[in-house]
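Shown next, in structure tokens, is the structure this report addresses.
A short reminder: the numbers here are calculations on the coordinates, not readings from a lab. Since this is a predicted model, take the numbers as computed values, not measurements. No Cβ is skipped: glycine too gets one built from the backbone with ideal geometry, and neighbour counts run over all protein chains shown.
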């Protein structure tokens, strides 16, 4: 198929402000008629038209309603569902930052990472724009400062700031990195994670590619475009690496059923980590080594 260049005086690349794009897709998961476009200058992939800040907030709150404070069982399942990522992220930060250091988790969600880092003796704080998520996090991770706005935090600088799966949700990724940089102590580290646009399943299963684009994700990064953001924000990239969040059972669901792995199945295998662990480990290590895992991480210095 011949690339279609789209020029628009109104649309600009979120990263480089270029106005020439290739059309990637015409609709999103769920059938919403919103375009996915690729910048022909820097390679960044983004939605068009972009939702407003108000629409982003409303959609984020709507998604959070699915796990209200009263539904302890569903919150517990969500925590188990997230456990492998929580432990991986906590191990990563623990390997870089000494105990007792000040850590801010920007986009802290329901507070699972906060609770784990507090258990590991870190001076942890959290920020999340969702009223519902911050309310749940305050109950789930008690005696931790959790706010909806950075400016409301009593702590004004941190040894480490984490932003796991945040940049893809915001209208100004570079601006957010500049803001987070201002809250880092000299020599502090910023650790970011985003979904990887070079995910192996995108080229393997057509149905997965159709499923991949969604309204909540305004941007779609790979290591190249993420590094571009880091440089433009005046930060120093220290390390880039990859991590496969979804396991081999998800791969088989897409290959055989052409559909995502059911949440109940995710919880089942998360609670039984030793089941064919040798195969799981090989699968995840292979994708990480080949830079086609579903998530890309960067460790950044101020």
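Listed values, structure above:
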read-out: Residue-averaged 222 nm ellipticity for the chain, from DSSP H runs of 4+ at -39500 (n - 2.57), nearest 500; value: -11000 deg cm²/dmol
read-out: By average C-beta atoms within 10 angstrom, highest first, the peptides 252-264, 46-58; value: 46-58, 252-264
read-out: Residue of 164, 81, 269 that the Gaussian network model of the chain assigns the largest fluctuation, springs spanning Cα pairs under 10 Å; value: 269
read-out: Gaussian network model of the chain, springs between alpha carbon atoms under 10 Å - residue of 199, 105, 91 with greatest fluctuation; value: 91
read-out: For the chain: Kirkwood Rh in Å [reciprocal of mean 1/r, alpha carbons]; value: 20.2
read-out: Footprinting exposure proxy for 178, 161 (fewest neighbouring C-beta atoms within 10 Å first); value: 178, 161
read-out: Which of 95, 288, 182, 27 has the fewest Cβ neighbours within 10 Å, and the rest in rising order; value: 95, 182, 27, 288
read-out: The chain - percent relative contact order, Cα under 8 Å, separation 6 or more; value: 18
